[in-house]
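Beneath this line is the structure, given in structure tokens, with notes to follow.
The values are calculated or read from the model by the stated rules, or taken from the named source; none is laboratory data. On a predicted model such as this, the values are computed, not experimentally measured, just so you know. Positions of Cβ are generated from backbone atoms using ideal geometry, with glycine treated the same way; all protein chains shown enter the neighbour counts.
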Amino acid sequence: MDKRKLVRTYSAGVFFGELDEGTRSADGRRGLIRNARRIWYWEGAASLSELAERGTSKPDECKFPVAVAAIEVTDIIEVLSVSERAAASIDSVPVWTR
């Protein structure tokens, strides 16, 4: 497994990055994600679970903006471990920009 995670929040969406466990609140709902890339839109995976395990089969159709050094998120509702295969797939998605 890769040390990076997919972190789903209640209202800010999904992020791919290194969840700093030392910054998690006591209830686990707040935390800092380092080297965070927002997973704005994806194709080639039926769910976040599949994205975390297999990655995307359609990297050119995904919309993942540029990574930021760190982002503090609130209302964490799901944290998925990411396989090495999936991490490589997500990393291969070109930066989406307008």
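A few notes on this one:
- Ile76 vs. criteria crowded, with 17+ Cβ neighbours inside 10 Å and closer than 23 Å to Arg98 by Cβ: no
- In the range 6-32, the residues that are modelled with pLDDT of 95 or more and aliphatic (A, V, I, L, M) reach residues that are outside any strand (DSSP E or B) and buried (at least 18 other Cβ atoms within 10 Å of the Cβ) with C-beta atoms within less than 6 angstrom, at least six apart or across chains, in these pairs: Leu6/Ala52; Val14/Ile39.
- Residue that is surrounded by the fewest Cβ atoms within 10 Å (Cβ to Cβ), among those in the range 14-28 that are touching a strand residue (DSSP E or B) at 6+ places or on another chain (Cβ under 6 Å) and outside any strand (DSSP E or B): Thr23
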